[in-house]
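Please read the structure below before turning to the comments.
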Amino acid sequence: MSAGFGFLLGVLFDVIYFLKLLVKRNIIISNIFNFLFALCYGLVVLLITINFNMGQFRLFVLIGFLIGTIFEHKTLGKLFAKIFLWLYNKLCKACCALQKTKLVKKILK
């Protein structure tokens with residue numbers, strides 16, 4: 001169970017990393033994303049510990065999370081990176097094209 005949740009948290013980390021790339025110059029928002037991910041990770045570990053281990057914290061739960069996260073990073077993580085790079089490039093091109101329109105130029109004046 002913990003490896004499966006580690007895998008899902010790895011996917012969540014990739015999504016948050018992409019969102020951080022979109023706001024790469026804003027340190028405050030980037031730190032907020034980091035805090036939210038750490039909070040989510042801690043909450044999932046706590047819920048797994050309470051629901052499946054009867055409240056006992058065991059090392060194999062953390063090892064399972066780590067294995068799941070590493071497995072996601074080595075398999076789907078590379079696919080997500082390619083998809084996010086493509087999406088990032090499309091968003092940059094769309095923003096550049098939008099900045100050249102007359103309406104946006106009037107609004108930004």
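Assorted remarks:
- Packing-based exposure ordering (other Cβ within 10 Å, fewest first) of THR101, THR69: THR101, THR69
- Relative contact order for the chain: 43 percent, from Cα pairs under 8 Å spaced at least 6 residues apart, divided by residue count.
- Between helix 59-74 and the chain: long-axis angle, C-alpha atoms, 0 to 90°, nearest 10: 30
- Positive-end residue of HIS73, PHE35, LEU85, charge dipole of the chain with Cβ unit charges: LEU85
- Checking (1) 8.7; (2) 9.1; (3) 13.8 against mean projected area of the Cα convex hull in nm² calculated from these atoms, the matching label is (1).
- Peptides 78-88, 6-16, 50-60, ordered by how many other C-beta atoms sit within 10 Å of their residues on average, highest first, read 6-16, 78-88, 50-60.
- Theoretical gain in end-to-end length, LEU43 to LEU21 [0.36 nm per residue, Cα-Cα removed]: 5.5 nm
- Relative to the longest principal axis of the Cα atoms of the chain, the long axis of helix 27-52 makes an angle of roughly 30 degrees.
Every number here is computed from the coordinates shown, using simple stated rules; none is lab data. For clarity, every value in this text was computed on a predicted model and none was experimentally measured. Counting neighbours? That spans all protein chains shown, and the Cβs are built from the backbone with ideal geometry, glycine included.
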